[in-house]
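Written out below as C-alpha cells is the structure these notes cover.
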Amino acid sequence: MPVTVKTVTIWRKEVPNQPGLLAETLGPLVQAGANLGVLMGYRLPGEECKAAIELYPITGAKAAKAAAAAGLVKSHIPALHVMGDDKPGLMHRMAQSLAAAGINISFLMAQVVGRKYTAIWGFESPEAARKAAGLIKKTK
C-alpha cells in the first residue's frame, strides 16, 4: 500500500474532566450515523479538572450538525491523516525529515494495526502542513 497523505479537520471540545462526558459527547454523533476513524480523549496537561475530546472525520451536514450540537468545533490546527504499510523506524525517519526541514509538530497520534499504520500529524500552520505532506510522502 503506498503512503496516503490527506489534509483533515479535527473536531474538538474541552470539557470538565469527569465520568460520562465522552459518552455524552459521542451520543449525538452516533444518532446521526457518524463513523469516526480517530477518537482522542485526554486530560489537559497541568489542569487536572479539564479534558479534551478530539475526533475525525465529521462528514456530511447531518454529522456536522450533530457535532456542533455536542459542542464540538473545528480545530484551527492544520492536520494530516497519513496511512501506509508499517516498517520498523518509519515514524522516526518521518520525524527526522520534518526536523531537518525545520518543521515543528504540534501533535502526533499514530498506531499500527496488523501491518498498516495510521497517523494524524498536527502542525503550526497550513504552510508547514503542506511542506510536511511532501516530505512524509517521500519517506521510505
**Study point:** Fully extended contour minus Cα-Cα distance, from K6 to S97, at 0.36 nm per residue
**Key:** 31.0 nm
Review point. So what's the net charge close to A32: Lys and Arg +1, Asp and Glu -1, counting the other residues with Cβ under 13 Å from its Cβ?
Key: +2
Review point. For the stretch 1-96, what class follows from the C-alpha gyration tensor (a ≥ b ≥ c being the square roots of its eigenvalues): rounded when a/c is under 1.5, otherwise prolate if a/b is larger than b/c, else oblate?
Key: oblate
Study note, to complete from the structure: Longest principal axis of the chain (C-alpha) makes with the long axis of helix 90-100 (C-alpha) an angle, in degrees to the nearest 10, of 80 degrees
Check your understanding: Taking only C-alpha pairs under 8 Å that are 6+ residues apart, what is the relative contact order of the stretch 15-64 in percent?
Key -> 41 percent
Check your understanding: Picking from V38, V30, V73, which is most flexible by a Gaussian network model of the chain using Cα springs under 10 Å?
Key -> V30
Practice item. Find the centroid of the Cα atoms in the stretch 70-91 and in the stretch 19-63, then give the distance between the two in whole Å. Key: 15 Å
Exercise for review: Before rounding to the nearest 500, sum -39500 (n - 2.57) across all DSSP H runs of length at least 4 in the chain and divide by the residue total; then give [θ] at 222 nm in deg cm²/dmol.
Suggested key: -9500 deg cm²/dmol
Study note, to complete from the structure: If each K or R counts +1 and each D or E counts -1, the residues other than P78 whose Cβ falls under 10 Å of its Cβ total -1
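Quick note: the coordinates plus some simple rules give every number you see, no bench work behind them. Just so you know, these numbers come straight off a predicted model, no measurement behind them. As a convention, Cβ positions derive from the backbone with ideal geometry for all residues, glycine included, and neighbour counts pool all protein chains shown.
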